[in-house]
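Bear in mind that the values in this text are calculations on the coordinates, not laboratory data. Just so you know, these numbers come straight off a predicted model, no measurement behind them. Cβ coordinates were reconstructed from backbone atoms using ideal geometry, including for glycine residues, and neighbour counts include every protein chain displayed.
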Amino acid sequence: MPCVVPVRDALAGVPAYSQGKTAVAPAGRPAYKLSSNENPYPPLPSVLRVIDKVASDVNRYPDMSCSELIATLSRALGVPGESIAVGPGSSGVLGQVVQALCDPGHEVIYAWRSFEAYPIVVQLAGAASVQVPLDDDFRHRLDAMADAITERTRLVIVCTPNNPTGPAVTPAELRTFLDRVPPTVAVLVDEAYREFVVAADEARVDGVALIDEYPNVIALRTFSKAYGLAGLRVGYAVARPDLALAIRKTAIPFGVSSIGQAAAVASLDLAEELMARVSGVVAERARIVSALAEQGWRLPETQANFVYFPVGERTGEFAAACAAAGLAVRPFGVEGVRASIGEPAANDLLLTVAGAFLDAADPSGTSHP
Ligand SMILES: *Cc1c(COP(=O)(O)O)cnc(C)c1O
């Protein structure tokens, strides 16, 4: 008998989130996963020991209020604990934010192309996405995003650095934008890659620091990228206490595991050591970016742990060339390919594939993308 159970209309056409592919090794050679912007390094030994220790208690529920993690974050960030909402990855927290703010008929504005989870969480809430195309340099057009605000707008998402293209919004650009946003419209600053931005503190967007001045700002951060805990699913939002309370109300009870909470606390205690690793990734990024430029590539300016190749119609072809070499990367339709900065050997392989691809595209070496 066929199943005729009706599901919500809002689900029609919800795109499935496609996970970054796992790399397949060519015969006799290693494979590398550069498709999900993960940290290439395993957790620090002391974090692994904490994970091990907490593992023996998993017959018990986790602390539902994440009190130790919130207290640790509160100290690290210099904000009250009531301003923090922790959730299962920052994509989980993002879902909570949209659930907390949006009813059917409301609009959420964000740049496009940007993080694939945005259209999904917006549609699941029954709200409507308003996508504002990036400019020719693959940056946010914050003026156009402000222009797109209507009385139906509840939320604007600013992804900086932008996934998958890489450029970061500057603090001055963000302020100019925030000055145009009505105080009733929330602005979520997705800072998943903030640790990879090379700039003096005052030249790097800090959503947390903006909350006093702009009470409609929500900063979104994660332990998945720089902190290397993608598999444990811990992220958080920082906002004014009443907003943070609303974001906590839409959480799935016990959504953050005891192991995730403990590993996040341990990682915050080791921030210095972890940031040294981030510096290593950033140094590799600088090496790759200049080598690609030397090959003739003109790429958007990345401030994250990935590079973006806007190869258009040749996206599938470029991703296939990477796969044949043992590199899993992330293709986006007929727009471009994102490749994470990985371990040096993986990055070397990416350079080889990218160089060969350009030479094949243009044997005369006269015109380059
Ligand atoms: C990776 C990423 C996240 C974080 O995802 P988690 O759910 O925390 O693992 C959030 N926003 C963007 C833009 C990302 O690329």
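Shown here for segment 58-167: trypsin sites (Lys or Arg not before Pro) in loop regions (DSSP other than H, G, I, E, B) with at most 12 other Cβ atoms within 10 Å, namely Arg60. For Gly126, nonlocal amide neighbours, meaning residues 5 or more places apart or on other chains whose placed amide H falls under 5 Å from its own, do not occur. Here the 3J(HN,Hα) profile of segment 235-250, calculated from phi with Karplus coefficients 6.51, -1.76 and 1.60 at θ = phi - 60°, is x, 7, 10, 10, 7, 4, x, 5, 5, 4, 4, 4, 5, 6, 5, 8 Hz, Gly and Pro shown as x. For the chain, the Kirkwood hydrodynamic radius from C-alpha pairs, put into Stokes-Einstein at 37 °C and a viscosity of 0.692 mPa s, yields a diffusion coefficient of 152 µm² per second.
Scan segment 77-167 for GluC sites (Glu not before Pro) in coil per DSSP, keeping those whose Cβ has at most 11 other Cβ atoms within 10 Å, and list them by number. Taking segment 77-167 and a limit of 11 other Cβ atoms within 10 Å, the loop GluC sites (Glu not before Pro) found are Glu151.
The H on the amide N of Asn163, modeled in the peptide plane, is under 5 Å from the matching H of Phe115, each at least 5 residues off or on a different chain.
Computed from backbone phi, the HN-Hα couplings of segment 284-297 come to 5, 4, 4, 5, 5, 4, 6, 5, 5, 5, 5, 5, x, 6 Hz, rounded to whole numbers (Karplus: 6.51 cos²θ - 1.76 cosθ + 1.60, θ = phi - 60°; Gly and Pro given as x). If you take every DSSP beta bridge whose two residues both sit in the chain, what share of them, in percent to the nearest 5, is antiparallel? In the chain, approximately 40 percent of DSSP beta bridges are antiparallel ones. For segment 1-113, the relative contact order comes to 10 percent (Cα pairs under 8 Å, sequence separation of at least 6).
Largest GNM mean-square fluctuation across Pro119, Pro45, Pro164, computed for the chain with C-alpha springs under 10 Å, falls on Pro45.
With +1 on each Lys and Arg Cβ and -1 on each Asp and Glu Cβ, how big is the dipole of the chain about its Cα centre, in debye rounded to the nearest 20?
860 debye
Would you mind counting up the charge near Ala127? Only other residues with Cβ under 11 Å from its Cβ, with Lys and Arg at +1 and Asp and Glu at -1. Counting the neighbours of Ala127, the net charge comes to 0. Rounded to the nearest 20, the size of the Cβ-charge dipole of segment 209-260 about its Cα centre is 240 debye, with Lys and Arg at +1 and Asp and Glu at -1. Full extension of the segment from Ala200 to Glu301, taken as 0.36 nm per residue of separation minus the current Cα-Cα distance, would add 34.6 nm. The angle between the Cα long axis of helix 258-269 and the main principal axis of the chain comes to about 70°, on a 0 to 90 degree scale.
Electrostatic tally near Val208: other residues with Cβ closer than 9 Å to its Cβ, Lys and Arg +1, Asp and Glu -1, net -1.
Find me the longest stretch of the chain that has none of the exposed chymotrypsin sites (Phe, Trp or Tyr not before Pro), where exposed means in a DSSP loop (not H, G, I, E or B) with at most 15 other Cβ atoms within 10 Å. The partial results should precede the final answer.
Working: sites that count: Tyr17, Phe254.
Longest stretch, sites excluded: 18-253.
Rounded to the nearest 10 degrees, the angle from helix 89-101 to the longest Cα principal axis of the chain is 50 degrees. Amide H contacts under 5 Å for Ile218: Val187, Leu188, Val189, restricted to partners 5 or more places along the chain or on a different chain, H placed in the peptide plane at 1.01 Å from N. Structural descriptor for the chain: relative contact order 24 percent, calculated from alpha carbon pairs under 8 angstrom and at least 6 residues apart. Within the listed set Val54, Val98, Val256, the Gaussian network model of the chain (springs between alpha-carbon atoms below 10 Å) gives the highest mean-square fluctuation for Val54.
Taking the Kirkwood radius as Rh and the Cα radius of gyration as Rg, segment 221-305 has a ratio of Rg/Rh equal to 1.13. Evaluating 6.51 cos²θ - 1.76 cosθ + 1.60 at θ = phi - 60° for every residue in segment 59-76, the Karplus couplings come out as 6, 9, 5, x, 5, 4, 8, 6, 5, 5, 5, 5, 5, 5, 5, 4, 5, 5 Hz, glycine and proline recorded as x. Taking a ≥ b ≥ c as the square roots of the eigenvalues of the Cα gyration tensor, an a/c ratio of 1.5 or more together with a/b no larger than b/c marks segment 51-100 as oblate.
Using a simple spin-label model with pseudo-atoms 7 Å out from Cα toward Cβ, Ala286 and Leu270 lie 2.5 nm apart. Rounded to a whole number of µm²/s, how large is the Stokes-Einstein D of segment 1-135 at 4 °C and 1.567 mPa s, given Rh as the Kirkwood radius over C-alpha pairs? Translational diffusion coefficient: 67 µm²/s.
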